[in-house]
Amino acid sequence: MAEKIIMMTEQRGESNRVPAVPTSLEAPTGLLSDRLARSLHDLRISVTDRCNFRCVYCMPKAVFDNNYQYLPHTSLLSFEEITRIARLFVAHGVEKLRLTGGEPLLRKNVERLIGMLAELKTVSGKPLDLTLTTNASLLARKAQSLKDAGLQRVTVSLDALDNDTFRRMNDVDFSVNDVLKGIDVAHQVGLGPIKINMVVKGGMNDQEIVPMARHFRGSPYILRFIEYMDVGASNGWKMDEVIPSAEVVRRISAAMPLEPIAANYTGETASRWRYADGGGEIGVISSVSQAFCADCSRARLSTEGKLYTCLFATSGHDLRALLREGRSDAEISTALAHLWRARSDRYSELRTSQTEELKRERSANKVEMSYIGG
Ligand code: SAM
Ligand code: SF4
Ligand code: SF4
């Protein structure tokens, strides 16, 4: 059956604001808290808005076609600019950096950026948790140089084991074997523990839930099932295409019994389950059916330097403007502190209670995952 795409306008968050720089400057304490008492722990950095895949739930071909205008190189933050912003975030308490996109391995010389970020230390002087999410198309080729540059681990996206299903999902004819090869090479060079992310889209790849679980059971890799989200404005998301995590767990458990296990830390996005017979663990990320906004400690930096305090935000804060108008570290750091303290986002919690009108208004303006970074 042909995929039905509801066309809407693609958004890059045009209504962005340059953050106000308070006159009274403050030194970072490493202990920021937003209006819902959530700390700032995790920064996701989108290093490119380009990708060589056209996953139907992220960059559908109908929107991201040959006429699509990607950001020009001069709009992108330079590695020096990214590192400077990351350093300021780390002083505010960020301990985890994730490079993403688009496809982060398409950014030229990304290893140089990784080397620069790997030198940063947390407030307590420890190395940062430095990781990257990739579609693995270039992973076999780049794993060693990424490791040598200081990357600690990778998360790989893989939506099916069956080639026809995977090709329908990535829509560029990329084969499963090439992804599996990338995962193995990354494991061999020490980029683990590796997590594998599978976005489950009902009617498209949900028949692959149990085969994927079976394949990765007992392997060194942790498979995580992600609910298909209404991120962006181009994927034509419909609630009835979401397979709730409870159903994923039910289907796997019927074949290979599972039992719940405790979270590794507060704010962990995945709920953990292990095979009752000791065959390892899986995770489920229930962004739609069981929102985890209450513990959300993630900030996102877009490819062109806009800060988003929620994946579903409709506008960002233009940090690049502050950098390029020559603001000092103290000024930018103080502006960041004010932005985080003012944060009250909890879109996923509100999603179910929104009126249809509000939903429509918001969904036409949400920024795309490939731009903001997943
Ligand atoms: N290109 C890289 C990749 O695919 O791993 C990194 C960027 S991608 C935007 C990051 C993650 O977001 C991937 O695991 C992808 O599957 C997930 N993702 C993208 N669109 C999604 C959606 N609509 N719902 C749920 N997850 C989504
Ligand atoms: Fe590209 Fe990743 Fe989006 Fe797929 S999910 S289109 S690989 S950015
Ligand atoms: Fe965080 Fe926004 Fe997602 Fe809630 S909806 S978990 S606030 S990114």
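Couple of notes before you dig in:
- Between the Cα long axis of helix 329-341 and the first principal axis of the chain there is an angle of about 50°, rounded to the nearest 10.
- Fraction of accessible area attributable to carbon and sulfur, the chain (%, probe 1.4 Å): 51
- Summarising the amide proton neighbourhood of Ile243: residues at separation of 5 or more, or on other chains, whose placed amide H is nearer than 5 Å comprise Gly202, Tyr228.
- For the range 162-312, the gyration tensor built on C-alpha atoms gives a rounded shape. Its axis ratio a/c (a ≥ b ≥ c) stays under 1.5.
- Rounded if a/c under 1.5, otherwise prolate or oblate - the range 2-372, Cα gyration tensor axes: rounded
- Rounded to the nearest 5, the antiparallel percentage of DSSP beta bridges internal to the chain is 35%.
- Full extension of the chain segment joining Ala255 with Lys238 gains 3.3 nm, where the gain is 0.36 nm per residue of separation less the Cα-Cα distance.
- Cross-link pairs Lys121/Lys195; Lys61/Lys195; Lys147/Lys181 - those with Cα-Cα distance over 18 Å: Lys121/Lys195; Lys61/Lys195
- Added length on full extension, which subtracts the Cα-Cα distance from 0.36 nm per residue, Arg214 to Thr122: 29.3 nm
- Shown in residue order for the range 235-240 are the 3J(HN,Hα) couplings computed by the Karplus curve 6.51 cos²θ - 1.76 cosθ + 1.60 at θ = phi - 60°: 8, x, 3, 9, 4, 6 Hz (x for Gly and Pro).
- Over the range 97-246, the reciprocal of the mean inverse Cα-Cα separation, the Kirkwood hydrodynamic radius, stands at 16.4 Å.
- Length added when fully stretched, Ser24-Asn66, from 0.36 nm per residue minus Cα-Cα: 10.3 nm
- Heavy atoms of the protein chains alone define the surface here; on that basis the range 2-372 has 42 Å² accessible area per residue at 1.4 Å probe size.
- Zone of Ser145's modelled label, taken as backbone nitrogen in the range 180-196 under 16 Å from a point 7 Å along Cα→Cβ: 186
The values are calculated or read from the model by the stated rules, or taken from the named source; none is laboratory data. No experiment lies behind these values; they were computed from the predicted model shown. Cβ: placed from backbone, ideal geometry, glycine included. Neighbour counts: every protein chain shown. What goes into the accessible areas is simple: the full protein's heavy atoms, side chains included, and nothing from ligands, DNA or RNA. Shrake-Rupley method; radii C 1.70, N 1.55, O 1.52, S 1.80 Å.
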